[in-house]
Each structure stands twice: as structure tokens, then as C-alpha cells.
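Here's the structure, in C-alpha cells; my notes come after.
The values are calculated or read from the model by the stated rules, or taken from the named source; none is laboratory data. These numbers come from a predicted model, not from an experiment. Note: ideal-geometry Cβ built from the backbone for every residue, glycine included; neighbour counts use all protein chains shown.
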Amino acid sequence: MSGRTARKAGNLANLFDILIPVGMAAIVVVLLLGIWNLFRNGPANRSQMLMRWRVGLQFLVIVLVMGGLYFFGNGG
């Protein structure tokens, strides 16, 4: 792999290293908002919307993790 290609791969790997924890934090925030809404007897529509957001974010983070492992995993 040439130096330039290795540098690009390193930058992309760093991007994955940033996006995955940010995505996980977003999942936690949405989950906590849903729990807050539940305990204060908020609207059911909001609970459903937050559930959909959480599921979508979880899917996105799983795709990022699996993509990172596929492209940048050392494979032992």
C-alpha cells in the first residue's frame, strides 16, 4: 500500500473511531429521553418517535461497527 493510500485509510479509520462513540452516545441520550418521557407520563406519540429513533441509531452504529471491523480489522 502506498503512503498516500495508507494515510487515507488511516484517516477513514479515525473517522470510524469518532463516529462509533458519538453514535453510541446518541443512543444513550435518546434512551434517556424515552425513559424521562415514560416516567413523567408524556405523550405516547413521543415515546413511539423516540423508540424509532433509538432503533434507527442502533442500526446505524451496528453498520458502522461491522464496516469498521470488515475494512480495518486486523484479522489476527
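Within segment 59-74, the set of residues being of a type in the set (A, V, I, L, M, F, W, C) and touching a helix residue (DSSP H, G or I) at 6+ places or on another chain (Cβ under 9 Å) comprises Leu60, Val61, Leu64, Val65, Phe71, Phe72. For segment 40-52, a residue qualifies if it is modelled with pLDDT under 95, in a helix (DSSP H, G or I) and loosely packed, with under 11 Cβ neighbours inside 10 Å, and exactly one does: Ala44. Of all the criteria given as (1) under 25 Å from Leu12 (Cβ atoms); (2) in a helix (DSSP H, G or I), the one not satisfied by Asn74 is (2).
Taking the listed residues Val29, Val55, the one that is assigned to a helix (DSSP H, G or I) and more than 11 Å from the chain's Cα centre (by Cα) is Val29, with no other qualifying.
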